[in-house]
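Some notes on the structure that comes next.
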Amino acid sequence: LYWGSGSVPCWRPMICLEEKGLSGYNSKLVSFEKKEHKSDEIMTLNPRGQVPTFKHGDVVVNESMAICLYLENTFKNQGTKLLPDDPAQLGLVLQRMIETQNIMEKNNALVYYKYLTKREEWDEGFIAEKKKALAEELPLWEKYLAQYGEGSNIAGQDFTMADVCLVPALAFLVRMQLPLKERFPLLASYYERVKERPSVKAAWPPHWKDTTGPDHLKDVF
């Protein structure tokens, strides 16, 4: 697995690998700052020059959710069962899994604008619009958790592929200093509990362990 520290897409298959009992897998950490994701080694495997990029024998799989689904289907008889057999529950898990992209798209629109634009050039109208979009997204997830009660996961009682994709997204928001606990008690409780899961801790971005993220999301609400 080729991966970058702090990348939400990279974190997803890393959690999957741990959940499927594949700890100790071969991996290579690449530097975004040095543009190592555009190296010939990775471009040969992934013409988009992106990570995660995954190679299993002669099989190459790119795109984080595709890697996760590949891992679950290839190693379905070991580790945590991340996709349920029941068709209705499977549909829900897959929906929530894909739905997490809404969080990341709305987060990225705001965070990367702030990151890439000089503060004196910020368009406050644009920023207000993107804040509103993210602020309106998160209550949906609070309601999803409310359906199942305290101690549940995002698609019910079991830890599933939906959680694999949600946890890194929430961790990124918290890293950007979004006040999760103050506004969304169920999401905050869920996050505090699931971030202690061994698979999540094993895949935690190395450079996050002793640094604080920028405050790009502290005033979203």
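The values are calculated or read from the model by the stated rules, or taken from the named source; none is laboratory data. This one's a predicted model, so the numbers in the text were calculated from it and none came from an experiment. Using ideal geometry, Cβ is built from the backbone for each residue, glycine included, and neighbour counts are taken over all protein chains shown. Just so you know, the surface numbers come from the protein's heavy atoms only, side chains and all, with ligands and any DNA or RNA stripped out. Shrake-Rupley method; radii C 1.70, N 1.55, O 1.52, S 1.80 Å.
Structure data summary
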{"read-out": "Residue satisfying all of: in segment 77-120; of a type in the set (Ser, Thr, Tyr) and without any contact (Cβ under 8 Å) to a residue 60 or more places away in the chain; surrounded by the fewest Cβ atoms within 10 Å (Cβ to Cβ) among these", "value": "TYR112"}
{"read-out": "Residue among PRO198, PRO179, PRO205 that is within 15 Å of the chain's Cα centre (by Cα) and more than 28 Å from ALA88 (Cα to Cα)", "value": "PRO205"}
{"read-out": "Of all residues making up segment 26-38, the number that are open to solvent by less than 60 Å² (accessible area, probe 1.4 Å) and aromatic (Phe, Trp, Tyr)", "value": "0"}
{"read-out": "Some residue of segment 12-22 being closer than 28 Å to THR80 by Cα, out of contact with any Phe, Trp or Tyr (no Cβ under 8 Å at 6 or more places or on another chain) and among the basic types (Lys, Arg)", "value": "yes"}
{"read-out": "Among the candidates ALA202, ALA135, ALA169, residue that is within 25 Å of LYS20 (Cα to Cα), open to solvent by less than 30 Å² (accessible area, probe 1.4 Å) and either touching a residue at least 40 places away in the same chain (Cβ under 8 Å) or among the charged types (D, E, K, R) (or both)", "value": "ALA169"}
{"read-out": "Test: residue in segment 184-197 that is modelled with pLDDT of 95 or more and under 16 Å from PRO13 (Cβ atoms)", "value": "yes"}
{"read-out": "Test: ARG175 is open to solvent by 10 Å² or more (accessible area, probe 1.4 Å), basic (Lys, Arg), at pLDDT 95 or above and more than 21 Å from PHE32 (Cα to Cα)", "value": "no"}
{"read-out": "Qualifying residue in segment 61-78 (condition: in contact with a helix residue (DSSP H, G or I) (Cβ under 6 Å, 6 or more places away or on another chain), in a helix (DSSP H, G or I) and within 19 Å of ALA171 (Cα to Cα))", "value": "yes"}
{"read-out": "Residue match in segment 39-50 (condition: touching a strand residue (DSSP E or B) at 6+ places or on another chain (Cβ under 6 Å), within 30 Å of ALA155 (Cβ to Cβ) and open to solvent by less than 40 Å² (accessible area, probe 1.4 Å))", "value": "yes"}
{"read-out": "Where VAL60 falls short, out of the listed (1) within 30 Å of ASP219 (Cβ to Cβ); (2) at pLDDT 95 or above; (3) surrounded by fewer than 15 Cβ atoms within 10 Å (Cβ to Cβ)", "value": "(1)"}
{"read-out": "Selected residue (only one of GLN147, GLN157 is in contact with a strand residue (DSSP E or B) (Cβ under 9 Å, 6 or more places away or on another chain) and without any contact (Cβ under 8 Å) to a residue 12 or more places away in the chain)", "value": "GLN147"}
{"read-out": "Selection within segment 143-159 - within 24 Å of GLU105 (Cα to Cα) and either more than 17 Å from the chain's Cα centre (by Cα) or open to solvent by 30 Å² or more (accessible area, probe 1.4 Å) (or both)", "value": "LYS143, TYR144, LEU145, ALA146"}
{"read-out": "Condition check for PRO13: crowded, with 16+ Cβ neighbours inside 10 Å, touching a strand residue (DSSP E or B) at 6+ places or on another chain (Cβ under 8 Å) and under 17 Å from CYS165 (Cα atoms)", "value": "yes"}
